[in-house]
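First the structure, in the form of structure tokens, and then the observations on it.
The values are calculated or read from the model by the stated rules, or taken from the named source; none is laboratory data. Bear in mind the structure is a predicted one, so any value in this text is a computation, not a measurement. In this analysis, Cβ positions are derived from the backbone assuming ideal geometry, glycine residues included, and neighbour counts consider all displayed protein chains.
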Amino acid sequence: MTMRAPKDDFSHITTWVFDLDNTLYDPSVRLFDQIEVRMTEYVVRTLNVSKKEADRLRSEYWAEYGTTLAGLMRVHDIDPDPYLEEVHDISFDELTHDAELRQLITTLPGRRIVYTNGTAPYAENVLKGRGLDDVFDAIYGIEHADYLPKPEQAAFEQVFAKDGLKPAQAAMFEDTHRNLIAPHEMGMRTVYVAPDPYDADHIHHHTGDLNRFLRALV
């Protein structure tokens, strides 16, 4: 894993793929805390279980299936759309515009896309809150992968096929290290965006500061 971002490592990149949550905004904003509360409430009501059991299932399904939704669909056959609409109905007031990040992403050569395990409408709200709502060429949510979540390679394959990107000419920025396994195996350049490094073959670069990393590229 390379700690710095030499331009040569990215000279072949024509498509830049960014995860959303805790990647295009700092984890300290804690948007996902709100989503987790909504998830737990949904599980309590839908499965008629206690809050403690709902929290356990939410964590267990995330660990085993990639998202809580994937577990709910496979184990309980729930309809994903009402769930996704409800859990993403949160406040975005804590998000702030980042003019530098906007400029840096805009300067990247080639196509720039967002791919999230959330929904595209949710991603649009987050990007608007960050002042990034018109800098990406496409936004893909879990609905574009037929509700298959990252880290499943089939999810990446569906989204990338829709976009028409060539993995060997693309880079993936992601805050969850397991979600970089499939991109690495598909031939993408991978960047782990998180406070602490994670040493693994599928992580080519690490940064705790996305802006600083992009500055080294552009």
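At a glance:
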quantity	calculated
Test: residue in segment 64-71 that is more than 21 Å from residue 139 (Cα to Cα) and touching a Lys or Arg at 6+ places or on another chain (Cβ under 6 Å)	yes
Residue ID - nearest to residue 102 (Cα to Cα), chosen from residues in segment 15-49 that are touching a strand residue (DSSP E or B) at 6+ places or on another chain (Cβ under 8 Å) and not acidic (Asp, Glu)	24
Test: residue in segment 35-48 that is surrounded by 14 or more Cβ atoms within 10 Å (Cβ to Cβ), farther than 25 Å from residue 120 by Cα and not assigned by TED's automatic domain parsing to the domain that holds residue 125	yes
Helices (runs of 4 or more DSSP H) wholly inside segment 104-206 containing at least 2 residues that are within 19 Å of residue 65 (Cα to Cα)	153-163, 181-185
Conditions (1) of a type in the set (Ser, Thr, Tyr); (2) surrounded by 12 or more Cβ atoms within 10 Å (Cβ to Cβ); (3) out of contact with any Gly (no Cβ under 9 Å at 6 or more places or on another chain); (4) touching a residue at least 12 places away in the same chain (Cβ under 8 Å); number of the one not met by residue 91	(2)
Some residue of segment 10-30 being polar (S, T, N, Q), surrounded by fewer than 19 Cβ atoms within 10 Å (Cβ to Cβ) and within 18 Å of the chain's Cα centre (by Cα)	yes
